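The values are calculated or read from the model by the stated rules, or taken from the named source; none is laboratory data. All figures in this text were calculated on a predicted structure; none of them were measured in a lab. We place every Cβ from the backbone using ideal geometry, glycine too, and count neighbours over all the protein chains shown.
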Amino acid sequence: MDRDSVCGMEIKDTANSEAVVYKNKSYYFCSLLCKITFLQSLEKYVRKDYSDGHKHHHH
Ligand SMILES: [Zn+2]
């Protein structure tokens, strides 16, 4: 199940949702507003997504 990275809503119909492809990954949004919000803070949302699988800190 894909999720809206901005509001967290589940996207059930990815074919008819707003989508952005960034660094070979697709992001889906419930509305154009969430898509615009994502694009305005792209690094913030992408980093948040990335950190989920990287909980260890290296010094
Ligand atoms: Zn949304």
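The C-beta contact set for the range 40-54 (first residue modelled with pLDDT of 75 or more, second residue loosely packed, with under 11 Cβ neighbours inside 10 Å and not aromatic (F, W, Y), distance under 9 angstrom, 6+ apart or interchain) comprises V46/K23; V46/K25. Residues in the range 22-49 that are closer than 14 Å to R3 by Cα and not in a loop (DSSP other than H, G, I, E, B): K25, S26, Y27, Y28, F29, C34, K35, F38, Y45, V46, K48, D49.
Here the range 9-18 is the region considered, the condition is being outside any loop (DSSP other than H, G, I, E, B) and within 12 Å of the ligand (Cβ to nearest atom), and the residue that is surrounded by the fewest Cβ atoms within 10 Å (Cβ to Cβ) is E10.
So, in the range 19-36, exactly how many residues are within 11 Å of the ligand (Cβ to nearest atom) and among the hydrophobic types (A, V, I, L, M, F, W, C)? Residues that pass the stated criteria total 6.
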